[in-house]
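Have a look at the structure below before the remarks.
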Amino acid sequence: MRGVPVDTRAREPAYVRLLASGELDERARIASRHLESCDLCGRHCRVNRKESARGAVCRTGERARVDAAFPHFGEEACLTGWAGSGTIFFSWCNLRCVYCQNWQLSWAGEGREVEPEELAGMMLSLQRVGCHNVNLVSPSHVVAQVLAALPIAACEGLRLPLVYNSGGYDSPEALALLDGVIDIYMPDMKYADPDLARRYSHVRDYVAVSRAAVREMHRQVGELVVDPDGIARRGLLVRHLVLPGGLSGTEEVLRFVAEELSPDTHVNLMGQYRPCFRAFEHETLARRPTAAELHEARDAASRLGLRRLDPASVR
């Protein structure tokens with residue numbers, strides 16, 4: 001599938017311009033102040049994370065916790081290319097999805113705390129081994145920590161695009177700080193029904209918050225732009241996981257994307273759901289989607305006129 005061709009402005013990561021003006025350092029300072037009464041994800045916990053993580057759903061204090069950083073070849077082809085997507089897996093999460101495939105990180109917090117300098121070093125190491133981007137996985141609760149590390153890395157020569165790979169539960173305060181910093185937004189859009197979001201991800205207002213967040217992401221970066229080699233350089237890539245029994249509200253989610261964003265939005269319609277972690281506690285989640293359910297999801301995308309389904313989308 002061909003994407004929107006890259007232009008010369010997309011060859012330089014967005015944050016480089018902010019570094020030169022001093023704005024990147026200022027964003028880091030502002031984000032650090034937000035930690036004192038945290039509103040940097042959709043939870044708006046208002047916990048002083050500089051003092052303690054007590055009361056914060058993300059269980060993360062002033063330092064980010066990282067499980068691993070390495071070239072990843074399991075992402076979308078436009079991110080992995082031939083050299084891999086430079087993923088940094090953050091521990092903990094601002095969601096509590098009962099079927100999370102990475103529950104050891106999101107629920108159990110495997111990993112270790114890192115200082116901004118070490119996080120910056122991880123970004124630079126991924127660049128040195130040839131990765132096409134720095135892919136921040138589950139970053140919604142560590143926006144301030146990423147912004148603290150980024151000026152350090154950029155001053156040392158980081159020039160890879162930044163991918164913001166989130167669960168979609170992102171606050172306007174965080175996205176304002178990331179405007180002009182993030183090159184590629186890759187949010188999940190998990191649900192169309194807020195009651196199901198509450199039941200399966202333990203968050204009351206996921207649908208409204210995620211839709212507002214994705215609108216803002218689209219406003220900031222527009223449609224996904226790829227270079228002549230098919231590698232993403234800038235733009236929005238929406239992920240939607242098809243749950244069994246229509247629980248994720250696929251057609252309604254895709255209608256939002258097609259009608260309120262653009263039919264040219266790059267969408268990965270994912271069919272790899274399998275029951276894990278606590279999914280077996282819920283009869284509705286205790287099976288994979290059927291072939292007919294996956295086929296219906298693909299048909300919905302076609303009916304709604306979405307023109308840029310990722311090649312990895314369900315068949």
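When the Gaussian network model of the chain links Cα atoms closer than 10 Å, the mean-square fluctuations of GLU110, GLU259, GLU36 top out at GLU259. With only the Cα atoms considered, segment 143-207 has a convex hull volume of 90 Å³ per residue. Once the 1.4 Å probe is applied to the protein heavy atoms, the chain comes out at 41 Å² accessible per residue.
For a 4.7 Å threshold on C-beta separation, the list of partnerless cysteines in the chain reads CYS38, CYS41, CYS45, CYS58, CYS78, CYS93, CYS131, CYS155, CYS276. Among the DSSP beta bridges whose two residues both lie in the chain, what percent are antiparallel, rounded to the nearest 5? For the chain, the DSSP antiparallel bridge percentage is about 30. Annotation: average projected area of the chain is 14.4 square nanometres, based on the convex hull of Cα atoms across all directions.
What does the charge dipole of the chain about its Cα centre add up to, to the nearest 20 debye, if the Cβ of each Lys and Arg holds +1 and the Cβ of each Asp and Glu holds -1?
Details: 39 positive and 41 negative charges, 80 e Å.
Roughly 380 debye, rounded to the nearest 20.
For the chain, modelled as a GNM whose springs connect Cα atoms under 10 angstrom apart, the maximal fluctuation among THR284, THR87, THR60 occurs at THR284.
Of the solvent-accessible surface of segment 162-315, computed with a 1.4 Å probe over protein heavy atoms with every protein chain present, carbon and sulfur atoms account for 49 percent.
Using heavy-atom solvent-accessible surface (probe 1.4 Å) with all chains present, what is the largest-first order of LEU261, LEU79? Could you put the intermediate results ahead of the total?
Values: LEU261 25, LEU79 0 Å².
Sorted by accessible area, descending: LEU261, LEU79.
In a Debye calculation with equal point scatterers on the alpha-carbon sites of segment 2-93 and no solvent, what is log10 I(q)/I(0) at q = 0.15, 0.21 Å⁻¹? The Cα Debye sum returns log10 ratios of -0.88, -1.08. Toward the positive end of the charge dipole of segment 7-164, about the Cα centre and with charges on Cβ (Lys, Arg +1; Asp, Glu -1), which of TYR99, ALA14, ALA83 goes farthest? So the residue furthest toward the plus end is TYR99.
Once you order the gyration tensor axes a ≥ b ≥ c over the Cα atoms, which shape class does segment 94-161 get: rounded for a/c under 1.5, otherwise prolate or oblate by comparing a/b with b/c? Please list the in-between numbers first.
Numbers: a/c = 2.37, a/b = 1.87, b/c = 1.26.
Taking the square roots of the gyration eigenvalues as a ≥ b ≥ c, segment 94-161 is prolate.
In the chain, the DSSP-assigned H stretches of four residues or longer account for a calculated mean residue ellipticity at 222 nm of -9500 deg cm²/dmol, using -39500 (n - 2.57) per stretch and the full residue count as denominator. When the Gaussian network model of the chain links Cα atoms closer than 10 Å, the mean-square fluctuations of GLU216, GLU115, GLU51 top out at GLU51. The Cα trace of segment 50-199 gives Rg and Dmax of 15.0, 46 Å, the first to one decimal, the second as a whole number. Placing unit charges on each Cβ (+1 for Lys and Arg, -1 for Asp and Glu) gives the chain a dipole about its Cα centre, and among LEU294, GLY246, ALA279 the Cα reaching farthest toward its positive end belongs to ALA279. Computed over the alpha-carbon atoms, segment 219-315 gives an Rg to Rh ratio of 1.02, Rh here being the Kirkwood radius from the mean inverse distance.
The values are calculated or read from the model by the stated rules, or taken from the named source; none is laboratory data. On a predicted model such as this, the values are computed, not experimentally measured, just so you know. Using ideal geometry, Cβ is built from the backbone for each residue, glycine included, and neighbour counts are taken over all protein chains shown. Surface accessibility is based on the protein's heavy atoms, side chains included, excluding ligands, DNA and RNA. Shrake-Rupley method; radii C 1.70, N 1.55, O 1.52, S 1.80 Å.
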